[in-house]
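The values are calculated or read from the model by the stated rules, or taken from the named source; none is laboratory data. Note that the coordinates shown come from a computational prediction; the quantities given were computed from them, not determined experimentally. Using ideal geometry, Cβ is built from the backbone for each residue, glycine included, and neighbour counts are taken over all protein chains shown. Ligands, DNA and RNA are excluded from the accessible area calculation, which covers all protein heavy atoms including side chains. Shrake-Rupley method; radii C 1.70, N 1.55, O 1.52, S 1.80 Å.
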Amino acid sequence: VQLIESGGGLVQAGGSLRLSCAASDPTFSSYSIGWFRQAPGKEREFVVFIGWRGIITNYADSVKDRFTISRDNAKNTVHLQMNRLNPENTTVYYCAATYSRGSVNPGEYNYWGEGTQVAVSS
């Protein structure tokens, strides 16, 4: 399945962005979707995942209460609402699909998008 991220950009600290992950594959609703981020020279970091039905979610502690994930299977889209952003959130964000129920481990994801850049100015 091909995943395409969008919604990244430049925002001031304290601001918000809404990332989207879209797929044209009709089997999209069968996958759990995760968001990860990776800064240059660092390992890919788990942010959040959502189960295929949109009921199960799991957030990294660092984004809990600021980020919200949701999905619309009718539109083959997952959204990540990011509020109260800070400069430490500056990096590339990736969405990924897994056959599993969802995982914090990037190695368990089968398909990846190419990423969208988020930049937060102080």
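Using a 1.4 Å probe on the protein chains only, how many percent of the accessible area of the chain belongs to carbon and sulfur?
Exposed carbon and sulfur together represent 47 percent of the surface.
Please turn the phi angles of the stretch 69-79 into ³J(HN,Hα) values with the Karplus equation 6.51 cos²θ - 1.76 cosθ + 1.60 (θ = phi - 60°), one per residue in order, whole Hz, x for glycine and proline.
Listing the rounded values in order: 9, 8, 9, 10, 5, 5, 10, 6, 9, 10, 10 Hz.
In debye, nearest 20: dipole of the chain around its Cα centre with unit charges on the Cβ of K, R (+) and D, E (-)?
Taking the Cα centre of the chain as origin, the dipole is about 240 debye.
Given charges of +1 on the Cβ of Lys and Arg and -1 on the Cβ of Asp and Glu, with all other atoms neutral, how large is the dipole of the stretch 17-59 about its Cα centre, in debye to the nearest 20?
Dipole of the stretch 17-59, to the nearest 20 debye: 120 debye.
How large is ³J(HN,Hα) for each residue in the stretch 15-30, as worked out from phi by the Karplus curve 6.51 cos²θ - 1.76 cosθ + 1.60 (θ = phi - 60°), to whole Hz, x for Gly and Pro?
Going residue by residue, I get x, 10, 9, 10, 8, 10, 10, 10, 9, 8, 6, x, 7, 3, 5, 8 Hz, with x marking Gly and Pro.
Any idea of the accessible area per residue across the chain, 1.4 Å probe, to the nearest Å²?
Normalised by residue count, the accessible surface of the chain is 52 Å².
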